[in-house]
Amino acid sequence: METLWKVENLRKVYEIKSEFKREKIVALKDINLEIYKGEIFGLVGESGSGKTTFGKVIIKLIEPDEGRIIYKDTDITNLPERILRKYRRNFQIIFQDPYKSLNPRLPCGVTVMEGIIGSKKEKFEKAVEILNMVGIKKERFYNFPHQFSGGERQRIAIARALSTEPEFIVCDEPTSNLDVSIQGQILNLFIELKEKFNLTYLFITHNLKIIRFLADRVAIMYKGEIVEIGKTEKIFESPKHSYTEKLLKSEI
Ligand code: ADP
Ligand code: MG
């Protein structure tokens, strides 16, 4: 199996400074793991355990304080931005709130065009094609984000992510805001697109049912640490760590 990501001893500390106090929050403590090419790697943990921080650090949206991030054979931890730029199109992130990646003042088709390289005509045609692939018809190309439903907006955010032809997508609770009926459709879309474009996902969620349905392997995060990692079925059948056991009992 080809290793796409390898992180070593990753650590991230937030410092909160106010007039009255100075506080340090250790969001990631010594994280070591690998993500294989083509897999859906699930990351589960309670709110505040560091999942989003991990997702952002590995694609260098935020800087780690310690450790190494290796993408394929390249240590990208300290690459200067002008070199990192070459890699940026390969990584995307989809948030729980699609408005984080959609500009409310831009028609959705134009947002998708922004990620595409080519002539104006090529950009337009490609954007139509990608939107069609996620289930948004050409007639709605010039509609604004607020004119869509929550599920449709998430589809557009997915199209936006696909526009740069990424290899790896961090999916950060992408269905948590959606009705259960819509959630299923979006999860199926993720699976379909993964097959079509040979994608690798880091799929973050606190929903164990989704993880069981989707993930090949899963890591359980607790207070900034990975307490357990392995094949999804194995973790569900015989959790080793007491926190995982508690998590499974409370959710299923
Ligand atoms: P999760 O996604 O699992 O809910 P986060 O990665 O968002 O966890 O947060 C981990 C911890 O870091 C939490 O205690 C959170 O309050 C804190 N945190 C996250 N982002 C920031 C930030 N920008 N500044 C300060 N603290 C932060
Ligand atoms: Mg989060």
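Read-outs throughout are calculated quantities, based only on the coordinates presented, and are distinct from any laboratory measurement. Not measured: the values here are computed from a predicted model. FYI the Cβ positions are ideal-geometry reconstructions off the backbone, even for glycines, and counts take in every protein chain you see.
Some points to look at:
- Under the Debye formula (equal points on every Cα, no solvent term), log10 I(q)/I(0) of region 1-87 at q = 0.15, 0.22, 0.25, 0.26 Å⁻¹: -0.61, -1.14, -1.33, -1.38
- Global size of region 91-177 as Cα Rg and Dmax, reported in angstrom: 11.8, 36
- Comparing L61, L131, L102 in a Gaussian network model of the chain, where Cα atoms under 10 Å apart are tied by springs, the biggest mean-square fluctuation is seen for L61.
- Of P64, P174, P107, the residue with the greatest mean-square motion in the GNM of the chain, using alpha carbon springs below 10 Å, is P107.
- Against the chain, whose longest principal axis is taken from its Cα atoms, helix 242-251 shows a tilt of about 50°.
- About its Cα centre, the chain has a charge dipole of approximately 600 debye under the convention of +1 per Lys or Arg Cβ and -1 per Asp or Glu Cβ, with nothing else charged.
- Computing FRET efficiency as 1/(1 + (r/R0)^6) for N132 and R88, where r is the C-beta to C-beta distance and R0 is 41 Å, gives about 0.95.
- Using θ = phi - 60° in the Karplus curve 6.51 cos²θ - 1.76 cosθ + 1.60, the 3J(HN,Hα) couplings for region 141-146 round to 3, 9, 6, 8, x, 5 Hz; x is entered for Gly and Pro.
- Low-density loop positions, trypsin sites (Lys or Arg not before Pro), region 91-174 - DSSP coil, at most 16 other Cβ in 10 Å: R105, K137
- Given their separation in residues at 0.36 nm each and the Cα-Cα distance between them, E81 and I16 gain 20.8 nm when the chain is fully extended.
- Nearest-ten-degree value, helix 150-162 long axis tilted from longest Cα axis of the chain: 90 degrees
- Largest GNM mean-square fluctuation among I226, I182, I210, using the chain with Cα springs under 10 Å: I182.
- Cross-link pairs beyond the 31 Å C-alpha cut-off, checked among K51/K196; K6/K137; K100/K126; K12/K72; K86/K209: K6/K137; K86/K209
- From the C-alpha gyration tensor of region 160-242, square roots of 5λ in Å: 24, 15, 12
- For the chain, alpha-carbon Rg over 2.2 N^0.38 Å: 1.04
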